[in-house]
Amino acid sequence: MSSMPASHGHSEACCNIPPVVSTGYNAKGSYEDLDGLKTYVTGPADATKGIIVIYDIFGFFEQTLQGADILATSDHQKYKVFIPDWFKGEPCPIEWYPPNTDEKKKNLGAFFGKNPPPGVAAKVPDYVKAVEAKYPSIKSWGILGFCWGGKVVSLVTSGDSNPFSVGAVAHPAMVDPTEAEKVRIPFILLASGEEPEDKVKEYEDNLKGSKHVEIFKDQIHGWMAARADLSKDRVKEEYTRGYKTVLEFFSKNWS
């Protein structure tokens, strides 16, 4: 892919993100079985850096796949991007939101009980090893998580078995500033206007290394993933800016 060079103070990533498709997006990647999990895989074959994306509770949503393709195709740095299906074909139905009935609340509680973030976080390092075995050209790893997946990322990157060189979360769920104290890698947090601002600020203060924390105040929880209504110009604009911001941070802080 030929790319536009950096200009006017913008990074190359900032100049090359393709137009975002509102509906009917045709994903560029394909699905593979990796470590027993159906995995969306996108990006160039000769990439030496890999990004694990931890989706939100709605799984392989069109907006999330498009985001993975943006990460894989928009920077001078080549990234291979992987989205494993931790829910094994049983994501949360988006129809359960908002959980405004007793049945929806019950179903949602059961879903979270079946898929606790700490349980998934514990499996991520071994998943990375399995992907490395198939893609030995990838020498270092980044991770990006949305909502529920943001909690998974926070737990993995603050843990003793963290395999990642850089971490990112967008509109993370269950923000716990104490986890940030143990993060030792460059880290970016993009919050919506719906996360508790005091917790986001405290998380930022507790991060020790290179960091970028920003609140997209007029966006909802989920604007960079399944809940992004890309038919709305403002959402589309901030969805695009969110991915630009992640790519720029990775480019600057992932050696």
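Nothing in this text is a laboratory measurement; each read-out follows from the coordinates by a stated rule. Just so it is clear, the structure is predicted and the values come from calculations on it, not from any experiment. A quick note on method: Cβ atoms are made from the backbone with ideal geometry, for glycine too, and the neighbour counts reach across all protein chains shown.
A simple count of charges around F112, restricted to other residues whose Cβ falls under 15 Å of its Cβ and scoring Lys, Arg +1 and Asp, Glu -1, yields +3. Loop-located trypsin sites (Lys or Arg not before Pro) in the stretch 216-255 (DSSP state not H, G, I, E or B) with no more than 14 neighbouring Cβ atoms inside 10 Å: K217, K232.
Under a 10 Å cutoff between Cα atoms, tell me which one of S140, S161, S74 has the largest fluctuation in the Gaussian network model of the chain. Sorting by GNM fluctuation, first place goes to S161.
Output the pairs from K88/K129; K105/K201; K78/K151; K80/K201 with a Cα-Cα distance over 28 Å in this structure; if there are none, say none. Over 28 Å Cα-Cα: K105/K201; K80/K201. The simple spin-label model puts a point 7 Å past each Cα toward its Cβ; for E32 and N100 those points are separated by 4.4 nm. Cβ crowding within 10 Å, taken as a proxy for footprinting-reagent exposure, orders T245, T157 from fewest neighbours to most as T245, T157.
Electrostatic tally near F249: other residues with Cβ closer than 12 Å to its Cβ, Lys and Arg +1, Asp and Glu -1, net 0. In plain terms, the residue of D229, D33 with the fewest other Cβ atoms within 10 Å comes first and the most crowded comes last, giving D33, D229. Using only Cα atoms, locate the centre of the stretch 15-59 and the centre of the stretch 61-88, then give the distance between them in Å, rounded to an integer. Using only Cα atoms to place each centre, the spacing works out to 3 Å. Spin-label pair R184-E197: with each label point 7 Å from Cα along the Cα-Cβ axis, the two points sit 3.5 nm from one another. Using the Cβ-Cβ distance between R234 and Y25 with R0 set to 22 Å, the FRET efficiency works out to roughly 0.70.
Net charge in the neighbourhood of K49 (other residues with Cβ under 13 Å of its Cβ; Lys, Arg +1, Asp, Glu -1) is 0.
Neighbour counts of other Cβ atoms within 10 Å put M224, M174 in the fewest-to-most order M174, M224.
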